[in-house]
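Below: one structure, written as structure tokens.
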Amino acid sequence: MNKIATDRYYRVLKEHALAVLLIYAVVIRLIIAFCYPAVSYFKDSDEYVELAQRFMDGSFQGYDGARTPAFPGFMALLGNNDTLVVIAQNIFGIIAVLLIYKMAASMMSGSWALLCGLILSSYLPFVFYDFAILTESLSTFFLVFSLFLVWKFKLFELTAGLWQLVLVSMVMSVLFLIKPLFLYVPFALILLLMIKAFKVRIKIYLLKILTLAVIPFITFYSWNKINEWNTGQFMTAKYMGIYRTQVVTSFFEKIPDEENVIREILLKNRRKAAALNNPEQYPMATWYARPELNEALGTTDLELSIKLKKVATDLIIANPLDYLRQVGISFLKFYSADSTLLWNVEKFRSVTVSKLFVGSWLFLQRYALLFLNSVFLILPLVSFALKSKWNAFAKGLYAIILLGSILQAMVAYGENSRYCYPFTPLILLLVCYAVYEINSKNSARNTI
């Protein structure tokens, strides 16, 4: 290809990057839909379907609060039809790619922004979660959308109007109702904005910033109150106690003698999980022990979760170093790739196609993800060493992601890299931006 043709090719790409990205994202999903004509169901899916049906029936009496309502509500709006849910999720996935591109295009050159969008569109978990009846697809979209609004309204430049702040808080409230961990996002944003405003006009901007907390707080309180009316417990989800018990898996033996029944059953199931020689099964010991614990204690799942929450909390308070060690392990697992991708491999139309996709994940994309996350963790050190300056949005975005990984490590141990999945588009955006900044700085230095 001669230089004129090459220049024309890149000019067309640059001028029509959004259309190119849209077409590519649609084609990728159509190819996968043809090769994988299935809706993926997993162990959590049935509970979402059940709550969606309750929405459609208009009956929540006696609901045990297993799941937060936004994703089931979304399913109910689509008639609890899994095919329509998958189609809608794919549309949201494509929109998320375009939102990432729009942010990237404002932070770096058009070619880098296009590359960022193409990589994201080719990332297998990003597509296959859109075919699953799980919260990952919707939570990823709303996380990206909420931070897109933060960028669009220039919140870190302290110029956003009141209605813009209210809109951001509403989107972040929906995000919490999809996945409870994300309750931290608006409050992390408030903290970052207050730090930013402190040097400028804190008194003027303080009330505006605090409006970000109002709707998320009301949403949190209202959902917990609904659960209290149904269960007698002010809680976000009934499994919180089991999640907390997972965090203390590595030191079950330190549960005191007054809870020896719980201790021995948990230890027995931990040994069984460890014997499987599969690291992913080890933190699942609490879930495996659940039926036996319910039978031994005469409890329901909700009652067991309440009991385990107290046992685990007391154990953490009594053994802070063990807990911190576990948090460190969970933090590292968050940025791993152990449980990132969920799919039903047996549902591919062809064994050959199945091997192609599985091989792509196991031998290419999984390692690319590990590399991406590793680079993300060291970005501040590299940028500082090379004296590369980030804009305010990039700094705030990095802080929000990092804080999310720390909080996740503190409250859950298990499929940690799956918890990282919704952050991956934003991690990709930041890594591309940082590399672009470093490359631009070096190029400028070389031209002097």
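The values are calculated or read from the model by the stated rules, or taken from the named source; none is laboratory data. Since the structure is predicted, the reported quantities are computational estimates derived from the model, not experimental observations. Please note: Cβ atoms are built from the backbone with ideal geometry, for glycine as well, and neighbour counts cover all protein chains shown.
Considering (1) exposed (fewer than 15 other Cβ atoms within 10 Å of the Cβ); (2) over 25 Å from the mean Cα position of the chain (by Cα); (3) of a type in the set (A, V, I, L, M, F, W, C), say which one Leu324 fails and leave the rest.
Tallying (1) exposed (fewer than 15 other Cβ atoms within 10 Å of the Cβ); (2) over 25 Å from the mean Cα position of the chain (by Cα); (3) of a type in the set (A, V, I, L, M, F, W, C), Leu324 fails exactly one: (2).
So which of Ile316, Ile306 is in contact (Cβ under 8 Å) with a residue 12 or more places away in the chain, more than 22 Å from Ala66 (Cα to Cα) and surrounded by 14 or more Cβ atoms within 10 Å (Cβ to Cβ)? Steps first, please.
Details: Ile306 fails: more than 22 Å from Ala66 (Cα to Cα).
Of the residues listed, the single one that is in contact (Cβ under 8 Å) with a residue 12 or more places away in the chain, more than 22 Å from Ala66 (Cα to Cα) and surrounded by 14 or more Cβ atoms within 10 Å (Cβ to Cβ) is Ile316.
So which helices (runs of 4 or more DSSP H) are wholly in region 199-286 and hold at least 1 residues that are within 17 Å of Leu308 (Cα to Cα) and more than 25 Å from the chain's Cα centre (by Cα)? Spell out how you get there, then give the answer.
Values: elements: 202-231, 240-247, 260-275.
The qualifying helices (runs of 4 or more DSSP H) are 202-231, 260-275.
Return only the number of the condition from (1) surrounded by fewer than 17 Cβ atoms within 10 Å (Cβ to Cβ); (2) aliphatic (A, V, I, L, M); (3) within 18 Å of Leu397 (Cβ to Cβ) that Leu210 does not satisfy.
(3)
Only residues that are of a type in the set (Lys, Arg) and either crowded, with 20+ Cβ neighbours inside 10 Å or at pLDDT below 95 (or both): list them for region 137-155, please. Step through it out loud before you land on a result.
Keep residues of region 137-155 that are of a type in the set (Lys, Arg), which gives 152, 154.
Lys154 - this is the single residue of region 137-155 that is of a type in the set (Lys, Arg) and either crowded, with 20+ Cβ neighbours inside 10 Å or at pLDDT below 95 (or both).
Return the residue satisfying two criteria in turn: it lies in region 344-354 and is surrounded by 13 or more Cβ atoms within 10 Å (Cβ to Cβ) and either under 19 Å from Phe331 (Cβ atoms) or not β-branched (Val, Ile, Thr) (or both), and of such residues it is nearest to the chain's Cα centre (by Cα).
Of everything passing the filter in region 344-354, Asn344 is nearest to the chain's Cα centre (by Cα).
Residues in region 352-407 that are assigned to a helix (DSSP H, G or I), touching a residue at least 40 places away in the same chain (Cβ under 8 Å) and among the hydroxyl-bearing types (Ser, Thr, Tyr): how many?
Residues that pass the stated criteria total 3.
Among the residues of region 127-161, count how many are more than 12 Å from the chain's Cα centre (by Cα) and assigned to a helix (DSSP H, G or I).
Here the count works out to 15.
Go through region 306-339 and report how many residues are closer than 20 Å to Glu415 by Cα, hydroxyl-bearing (Ser, Thr, Tyr) and out of contact with any Phe, Trp or Tyr (no Cβ under 6 Å at 6 or more places or on another chain).
The qualifying residues number 4.
Let's see how each residue does on (1) within 30 Å of Phe393 (Cβ to Cβ); (2) of a type outside the set (Gly, Ala, Ser); (3) crowded, with 21+ Cβ neighbours inside 10 Å:
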position: Phe198; (1), (2), (3): yes, yes, no
position: Val214; (1), (2), (3): yes, yes, no
position: Phe220; (1), (2), (3): yes, yes, no
position: Ala237; (1), (2), (3): no, no, no
position: Met240; (1), (2), (3): no, yes, no
position: Glu258; (1), (2), (3): no, yes, no
position: Leu266; (1), (2), (3): no, yes, yes
position: Asp301; (1), (2), (3): no, yes, no
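The rows are residues; the columns are (1) out of contact with any strand residue (DSSP E or B) (no Cβ under 6 Å at 6 or more places or on another chain); (2) surrounded by fewer than 17 Cβ atoms within 10 Å (Cβ to Cβ); (3) on the phi < 0 side of the Ramachandran plot.
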site: Ala368; (1), (2), (3): yes, yes, yes
site: Ser388; (1), (2), (3): yes, no, yes
site: Asn391; (1), (2), (3): yes, yes, yes
site: Gln408; (1), (2), (3): yes, no, yes
site: Gly414; (1), (2), (3): yes, no, no
site: Cys420; (1), (2), (3): yes, no, yes
site: Thr424; (1), (2), (3): yes, no, yes
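Is at least one residue of region 99-113 within 17 Å of the chain's Cα centre (by Cα) and assigned to a helix (DSSP H, G or I)? Lay out the reasoning, then the answer.
First, the residues of region 99-113 that are within 17 Å of the chain's Cα centre (by Cα): 99-100.
Next cut, assigned to a helix (DSSP H, G or I) only: 99-100.
Yes; the residues of region 99-113 include at least one that is within 17 Å of the chain's Cα centre (by Cα) and assigned to a helix (DSSP H, G or I).
Out of all the residues in region 268-280, which are surrounded by fewer than 17 Cβ atoms within 10 Å (Cβ to Cβ) and at negative phi? I'd like the intermediate steps shown before the answer.
Going through region 268-280, the residues surrounded by fewer than 17 Cβ atoms within 10 Å (Cβ to Cβ) turn out to be 268, 271-272, 274-280.
Once the filter is applied, which keeps residues that are surrounded by fewer than 17 Cβ atoms within 10 Å (Cβ to Cβ) and at negative phi, region 268-280 yields Lys268, Arg271, Lys272, Ala274, Ala275, Leu276, Asn278, Pro279, Glu280.
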